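Following: one structure in structure tokens, then a few remarks.
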Amino acid sequence: MMSQGSSPSLLEALSSDFLACKICLEQLRAPKTLPCLHTYCQDCLAQLAEDGHLRCPECRETVPVPPAGVAAFKTNFFVNGLLDLVRARAGGDLHAGKPACALCPLMGGASAGGPATARCLDCADDLCQACSDGHRCTRQTHTHRVVDLVGYRAGWYDEEARERQAAQCPQHPGEALRFLCQPCSQLLCRECRLDPHLDHPCLPLAEAVRARRPGLEELLAGVDTNLAELEAARMMEKEALARLREQAARVGTQVEEAAEGLLRALLAQKKEVLGQLRAHVEAAEEAARERLGELESREQVARAAAAFARRVLSLGREAEILSLEGAIAQRLRQLQGCPWMPGPAPCLLPQLELHPGLLDKNSHLLWLSFENQQSQKDSGKDGAGSQGGEEAQSPREDGAKMERQGAAQPQSRDGAQTPKEDRAQLPQENGAQTPKTDRAQAPREGRSQMPQEDGEVQTAGGGRSNKKRKFKGRLKSISREPSPAPGPNLEGSGLLPRPIFSCSFPTRMPGDKRSPRITGLCPFGPREILVADEQNRALKRFSLNGDYKGAIPVPEGCSPCSVAALQGAVAFSAGARLYLISPDGEVQWRRALSLSQASHAVAAMPSGDRVAVSVSGHVEVYNMEGSLATRFIPGGKANRGLRALVFLTTSPQGNFVGSDWQQNSVVVCDGLGQVIGEYGGPGLHGCQPGSVSVDKKGYIFLTLREVNKVVILDPKGSLLGDFLTAYHGLEKPRVTTMVDGRYLVVSLSNGTIHIFRVRSPDS
């Protein structure tokens, strides 16, 4: 017999998840099991069948429909038995508001029996007090188990009822399935066995299960072994990906160090050449040198003043700009009014010639070589200093070698070295007999042309490798790779909102026993935020300046996941439940959610009197009383089982914005579930979309945790560009929220919170 505490939780899980059809989201009706072992309603499967096939909504496996239709799929007697148990507990024939006896009408001819007070677990009938007293007084029923109806409805006898429950024959109502026809592998009742299975060898169900259970257990053990191997392979794949990212970051650092080494060598040569130039000018005419010094001095002063003015205009706040406006304007007018000296006297004009290697587009100072991870491990075990010889030599080593030599001798594509006497002529680009501006831009332009061209990989010897690979974009750290801009690039045009850093603060408080794990953020009033710390089971309040304002009590044992603030209340999800509590922690109501989803995203509607929650691919909206106001599937019924909204928010326009991990996209839909826009393009960098927030104008801010970014989309879901990157201090951003439509709050995996003011283009 099951205890009173365990039975309700079991039935709650079965009724909300296992016994629910993943297509219509209702309790299963006429359950049919597909070959992939997923069970759905017969009518729902009939709607999915097309051209003799259907695709399982969960595993996407294509299944042929039997010639007799979806009704020929196997009936799930296991689910039928559980459904019978649930239905029997939930209700029956009513008499004056109570279940009626099932035997009284058969004996007395009355139209309805008396109130039932007991139930026979073998007959599955509700009995009145008189019928229950005499029910076990016959040979046929003396072994039957009669229990109290109240206890049965409470779930005290579920296990015992399941043991005595018999599957009913679909062909002969009232007859229990008792035999298994071995040649036909078909379950039979006594009537079915008479015809046409009379001559077939049949076994009682218990004996058939004993005979076939070992085979099933052996197959199950084999699948468990496969699962262990799959898990090991998945972990190895994750480790390989982690090693790849780690190596990519390391190589990116090596590339930058090597490039800096080359630049130092070039700058040393630049200094030497400029020294010769300066000596020539000084020896030619003292007056020209004095004029040159005066011009350079004025130029430096003007550049410093211009740089200071630009820095104030781009980074200063409004009050700071206005306080310095008078001094800056006065200085700039003073610089503009300075008289310039006349042109230089005629003299011998120096000319610069470039090394031929810099003019060759096929000459590379940096390149990549590739080898598999196993060979890297082997070379590491052997203690080799390099990675497999000259071809595997890293750019960092090359750059260090070039720096030690002072200036590397460039190589052409055929590996021929150029004369040594030409080394002093490296700094300029493309025959730069041009003024000072071209000379200053030459090193930067040279760096931009150094990466490989046409996807060819050069070996350390200067020649081409036999392998050709395509590289999209420059080799950079993954957190710094710019997002692609579809259509006209709005980045840098002043048409996108810009971030202005406000403050940063930790969320770990003295009473916390563990490091914070922020899983939810929401605005709490005009100048506060509410932080859901799942690790410490707390809802913490902070001001936008980072001041701790206390915590909102949560029910005992609850670990808040997602959180939303309503009018005078707070809604949050924890496990498979949705809670609504008052600001002082009093629970107003709770609702059970689907167990098939690990976490449930919660968002407040713009009106503040309703809360939306994502449940198994659809969205449910509850009012302040806890009643279900509406429920819809993004994109309509055609998308049943095809979406999994892990993050959810609402816009001031009343639209829903969610991160769909099933389709790996960001979806925008209206209040009726009609999709307005959806984005799953290259701007996601192959990552699963993370937390979403919307500002007062409808711009969508999407978190990409793996690449340390927050990108911005327009109100219809089209990618506009990057908003925050690693350069803004993002290190594994986790959850975001928008406060007052102007402040973007970003939480990091280490529990730190950054706050940025969103500066609109027209401000």
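With label points built 7 Å along Cα→Cβ from the Cα atoms of Leu672 and Glu320, find their separation and express it in nm.
Placing both labels 7 Å along Cα→Cβ, they lie 5.0 nm apart.
Ignoring ligands, DNA and RNA, how do Glu286, Glu528 rank by accessible area with a 1.4 Å probe, largest first?
Glu286, Glu528
For a protection proxy built on the mean count of beta-carbon atoms within 10 angstrom, sort 512-524, 529-541 highest first, please.
529-541, 512-524
Could you put Asp660, Asp51 in order of accessible surface area, largest first, with the 1.4 Å probe and the full protein assembly present?
If we order Asp660, Asp51 from most to least accessible, we get Asp51, Asp660.
Checking the table Lys540/Lys732; Lys238/Lys709; Lys696/Lys716; Lys270/Lys361; Lys513/Lys732; Lys697/Lys732 against a 24 Å threshold on Cα-Cα, which pairs fail?
The answer is Lys697/Lys732.
So, by mean Cβ neighbours within 10 angstrom, what's the order for 696-704, 122-130, 70-78, 624-632 with the highest one leading?
Going from most to least packed, we get 696-704, 122-130, 70-78, 624-632.
Take Arg631 and Glu528, extend 7 Å from each Cα along the Cα→Cβ direction, and tell me the distance between the two endpoints in nm.
According to this spin-label approximation, the distance is 3.4 nm.
Would segment 207-335 count as rounded, prolate or oblate if I go by the C-alpha gyration tensor, calling it rounded below 1.5 in a/c and otherwise prolate when a/b exceeds b/c, oblate otherwise?
Oblate, since a/c reaches 1.5 and b/c is not below a/b.
Give me the percent of accessible area attributable to carbon and sulfur for segment 207-335, probe 1.4 angstrom.
Result for segment 207-335: 59 percent of the exposed heavy-atom area is carbon or sulfur.
Which trypsin sites (Lys or Arg not before Pro) from segment 236-328 combine a DSSP loop assignment with at most 15 other Cβ atoms within 10 Å?
Arg317
By how many nm would the segment from Cys184 to Ser543 lengthen if fully extended, with 0.36 nm per residue of separation less the alpha-carbon distance?
Result: 122.1 nm gained on full extension.
How would you rank 320-331, 596-607, highest first, on the average number of other Cβ atoms within 10 Å across their residues?
596-607, 320-331
Between Leu198 and Leu106, what FRET efficiency comes out of the Förster formula 1/(1 + (r/R0)^6) with R0 = 30 Å and r the beta carbon distance, rounded to 0.05?
According to the calculation, E is roughly 0.40.
Modelling each spin label as a point 7 Å along the Cα-to-Cβ direction, I'd like the Lys513/Ala726 distance in nm, to one decimal.
For Lys513 paired with Ala726, the spin-label model returns 3.6 nm.
The values are calculated or read from the model by the stated rules, or taken from the named source; none is laboratory data. Note that the structure is predicted; figures quoted are calculated from it, not measured. For neighbour counting, all protein chains shown are included, and Cβ atoms are generated from backbone atoms with ideal geometry for every residue, glycine included. Note: accessible area is taken over every heavy atom of the protein model, side chains too, but ligands, DNA and RNA are not part of it. Shrake-Rupley method; radii C 1.70, N 1.55, O 1.52, S 1.80 Å.
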